1. Could I get the Rg over Rh figure for the range 61-167? Both from C-alpha atoms, Rh via Kirkwood, rounded to two places.
2. Along the Cα→Cβ direction, 7 angstrom out, place labels at E102 and A68. What is the inter-label distance in nm?
3. Calculate, in nm to one decimal, what K166 and Q115 gain on full extension: separation in residues at 0.36 nm each, minus their alpha carbon distance.
4. Two decimals, Cα atoms only, Kirkwood Rh: what is Rg/Rh over the range 104-185?
5. Please report, as a whole percent, how much of the solvent-accessible surface of the range 79-163 comes from carbon and sulfur atoms (probe radius 1.4 Å).
Amino acid sequence: MSAAPQTPQETVQTGRRRWLVAGVAGGAAVAGAGWAWWRSSAAPSPNAVAEQAFWALQLQTPEGAPLALQQFAGKPLLVNFWATWCPPCVRELPLLSRFAQEQPQVQLLGLAVDQAAPVQKFLARQPLAFPVAMAGAGGSTLTRTLGNVTGGLPFSILFDTRGNVKQRKIGELSSADLQQWAQSL
């Protein structure tokens, strides 16, 4: 059984229906994309809120002097969370110290998830070419809010000139990591 041929008027109506369906589908897609964009830009992600709060922190150096993290804003900043009792942390600190000297366009800050006395003793034996502040026992919580899902150390995070996170790494950094991070800025 074959279908009867369409009249010219039916052919035009079929074409209009197809255009109408395509137009409605396209409009729905644009509206959906617009809604998704609005939803994602309307409320900052939890990490974005934590990143903004990070810049407002005022910590103390191991000697007890205040250190406002806001002073590092405006230039790239590599933050390394470490502890004296963490072997991979201690292993990577000389590498980070060399990086701080070789890449002056990138600021470096060590945040010790430790107590002041062991950090002071460590720094007396092994001075670093970058400032150190105390994150203390709350440092693990701070690392989690910044994207460290395991809470493990060492944890490094690279902020760009606008204070946005460019890179994160849980675990020991390598020379290749640092070079790649510096080139990503």
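The values are calculated or read from the model by the stated rules, or taken from the named source; none is laboratory data. The model shown is predicted, which means the values in this text are computed figures rather than measured ones. Glycine also receives a Cβ, built like all others from the backbone with ideal geometry; neighbour counts cover every protein chain displayed. With ligands, DNA and RNA removed, areas are computed over all heavy atoms of the protein, side chains included. Shrake-Rupley method; radii C 1.70, N 1.55, O 1.52, S 1.80 Å.
1. On the way: Rg = 12.9 Å, Rh = 13.9 Å.
Using only Cα positions, Rg/Rh for the range 61-167 is 0.93.
2. 3.4 nm
3. Using 0.36 nm per residue and subtracting the Cα-Cα distance, I get 15.5 nm.
4. Numbers: Rg = 13.4 Å, Rh = 13.9 Å.
Using only Cα positions, Rg/Rh for the range 104-185 is 0.96.
5. On the way: 2030 of 3560 Å².
Its accessible area is 57 percent carbon and sulfur atoms.
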